[in-house]
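Report on the structure given below.
The values are calculated or read from the model by the stated rules, or taken from the named source; none is laboratory data. Just so it is clear, the model here is predicted, and its values are computed rather than measured. All Cβ positions, even for glycine, are placed from backbone atoms using ideal geometry, and neighbour counts span all protein chains on display.
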Amino acid sequence: MATPVIVGYGLTKIGEHWRKDLVSLGYDAAREALSKAKNPDIDAIYVGNMLGMALDLQGNLGGYLADELGYRGVPALRIEASGASGAYSIAEAAMAIKSGLYDFVLAGGVEKMSDSLPSEVYYALNFSEDMYIMNSTGLTNAGLNAILMRLYMERYNVAKEKITYLAVQDHENAQYAPHAQFRRPITLELAMSSITLADPINLFDASPIGDGAAFVVMASREKAEDLGLDYVEVSGIGISTNVYSIVERDDPLWFTASNKAFSSALEMAGASKDDVDFLEIHDEYTIMGVLALESLGFSSKGFGAEDVWSRKYSLKGETPINTFGGLKARGNPVGATGAYQVCEAFMQLTGETGENKVENAKIGVVHSMGGVDNTSVVLVLRR
Amino acid sequence: MTEISDWRKRIERYRFQGSECVKCGARYYPSRIKCIKCGSEEMRDVELPRRGRVVSYTVIYNPPKKFSKYAPYAVALIELVDGTRVLGQLTDVDFDKIRVGMEVEATFRKLYEYGEDGHIVYGTKFRPVVS
Ligand SMILES: [Zn+2]
């Protein structure tokens, strides 16, 4: 079987791109990735995107972007798995390369959120959950996560400060990330006193609304070596789904899909948890990040927030996470987010990091979720 | 959701009706086609017990568009007396009086209205049990 490798990446700064639409934003990131990979003959294109049909009222994005990029005739597909769309499209690309069917695949994600009113964006983001439940209760994603956060605080007797501290660390890591949406450090006091979205979750516990696109070019290792391209290997792929609604899960605070995806990805990579040098985790809300750290096994149950608070996961800590600011500070253009995480892991492993360097990083893990662990994708990247 | 999907769900919403697995007794709200506990497809409609306790809750200040005019409102994860867990809005309660463990009961209420014609959706909310 062919070994899938990443040979180039491209990303846009995350923020409000008033002069760009969905496709032109995707074009910029894809173009950059293709140039870095020395413009190979692309065999297929996968575009991660969640909200295009809901906010931009544009579907069939694969063919649209392929045509704009000048790849007429190339198979192209939009992949949607809510917040995991970008990581999922890269996982699909890796599997296609592994199968031997394709030599070069362009994969990533794009999202355009700032054109729509926040209330419309929040409604569309609900689509990652069971809409019958959301529509019967008035719940939002922030609301679901708030229910989990309170449950966590009550069960383990944890102060909210220790959960929210993850946002402070994200902002700290984003200061030197040119592509991050928020590059300004924040204090815990500010994070704790921001407006409430869904009690106890406030603005700084939540990832922001933003536009962005990120793509990678994947190849088989053989082709990359033939062409003399520098590469990072995608050595493990894990994808899993969970019981859709949190109410029917044996334990709503345990992300079984993330756990399973991580085990499968490690097994495929022939690696163990202790080999992981850094993690890019899906902290759409601070509590989600904490629960992910526990579900992936890096913190014991009930100690995720405590470990964040004691800086186990800071850039200089035992296992650095979200080395460019995570979803909170780098940003969360939903369908592109997983692709940003993969680009960042690539940057870490190739040393293109500036101030954010994790020393001697050989293995990085990307964890991406659609909804509250409804679909989880884990990729193990190795230099 | 469209008017027709609201019509399809009307009995479940009005009567607080879920589904019960004939084989293992697991109950679900909303209803399921297949039991995720034992895999059986033999399910029957069941009216759920109307009392339960708050396991966790939130107060929504930043609602989706459809619920804009109702905010702020409280939503809770509730464990019914038979152990079934459901999500529902809390009503007739001061937010600062909501507690984990608080006893609540199901009550028939308007959920929201929408569209140019003011289509009204009714269903089940939960209020504190007054002893
Ligand atoms: Zn059953």
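Filtered by the rule that a residue be more than 14 Å from chain A (Cβ to nearest Cβ), in a loop (DSSP other than H, G, I, E, B) and in contact (Cβ under 8 Å) with a residue 40 or more places away in the chain, the range B:41-70 gives a lone residue, B:Arg50. Going through (1) within 16 Å of the ligand (Cβ to nearest atom); (2) over 17 Å from the mean Cα position of the chain (by Cα); (3) charged (D, E, K, R) one by one, B:Lys97 falls short only on (1).
Note on the range B:14-40: among residues that are closer than 19 Å to B:Gly83 by Cα and outside any loop (DSSP other than H, G, I, E, B), the one that is farthest from the ligand (Cβ to nearest atom) is B:Arg15.
Number of residues in the range A:13-33 that are under 20 Å from A:Ala174 (Cα atoms) and not basic (Lys, Arg) equals 5.
Of the candidates B:Ala76, B:Ala106, the single residue that is small (Gly, Ala, Ser), facing chain A (nearest Cβ under 10 Å) and surrounded by 15 or more Cβ atoms within 10 Å (Cβ to Cβ) is B:Ala76. Comparison of A:Ala177, A:Ala167 shows that the only residue that is part of a helix (DSSP H, G or I), more than 13 Å from every other protein chain (Cβ to nearest Cβ), in contact with a helix residue (DSSP H, G or I) (Cβ under 7 Å, 6 or more places away or on another chain) and at pLDDT 95 or above is A:Ala167.
Just one residue in the set A:Ala214, A:Ala146 is within 14 Å of chain B (Cβ to nearest Cβ), crowded, with 24+ Cβ neighbours inside 10 Å and among the aliphatic types (A, V, I, L, M); that residue is A:Ala146. Taking the criterion of being buried (at least 18 other Cβ atoms within 10 Å of the Cβ) and more than 30 Å from A:Gly302 (Cα to Cα), the residues of the range A:224-262 that qualify are A:Ala224, A:Leu229, A:Tyr231, A:Val232, A:Glu233, A:Val234, A:Ser235. Going residue by residue through the range B:12-22, is there one that turns out to be within 23 Å of A:Met149 (Cα to Cα), at the interface with chain A (Cβ under 10 Å from one of its Cβ atoms) and surrounded by 15 or more Cβ atoms within 10 Å (Cβ to Cβ)? No, every residue in the range B:12-22 fails to be within 23 Å of A:Met149 (Cα to Cα), at the interface with chain A (Cβ under 10 Å from one of its Cβ atoms) and surrounded by 15 or more Cβ atoms within 10 Å (Cβ to Cβ). Within the range A:198-211, the set of residues being of a type in the set (D, E, K, R) and facing chain B (nearest Cβ under 9 Å) comprises A:Asp199 only. Would you mind finding the one in A:Leu101, A:Leu77, A:Leu106 that is part of a strand (DSSP E or B) and out of contact with any Gly (no Cβ under 9 Å at 6 or more places or on another chain)? On inspection, the qualifying residue turns out to be A:Leu106. Taking the range A:132-143 as the range and being aliphatic (A, V, I, L, M), buried (at least 23 other Cβ atoms within 10 Å of the Cβ) and at the interface with chain B (Cβ under 7 Å from one of its Cβ atoms) as the test, the residues that pass are A:Leu139, A:Ala142. Assessment of the range A:30-40 against the conditions (part of a helix (DSSP H, G or I), under 18 Å from A:Pro333 (Cβ atoms) and basic (Lys, Arg)) yields at least one matching residue.
Of the set (1) away from the ligand (no atom under 16 Å from the Cβ); (2) crowded, with 19+ Cβ neighbours inside 10 Å, all apply to B:Val81 but (2).
Under the condition of being facing another protein chain (nearest Cβ under 9 Å), in a helix (DSSP H, G or I) and more than 17 Å from A:Gly210 (Cβ to Cβ), the residues counted in the range A:117-131 number 3. The residue that is nearest to the ligand (Cβ to nearest atom), counting only those in the range B:41-56 that are more than 15 Å from the chain's Cα centre (by Cα), under 21 Å from B:Tyr14 (Cα atoms) and surrounded by fewer than 19 Cβ atoms within 10 Å (Cβ to Cβ), is B:Arg44. Among the residues of the range A:337-383, those identified as out of contact with any Asp or Glu (no Cβ under 8 Å at 6 or more places or on another chain), surrounded by fewer than 24 Cβ atoms within 10 Å (Cβ to Cβ) and among the charged types (D, E, K, R) are A:Glu352, A:Glu355, A:Lys357, A:Glu359. Of all the criteria given as (1) within 12 Å of another protein chain (Cβ to nearest Cβ); (2) farther than 18 Å from A:Glu248 by Cα, the one not satisfied by B:Trp7 is (1).
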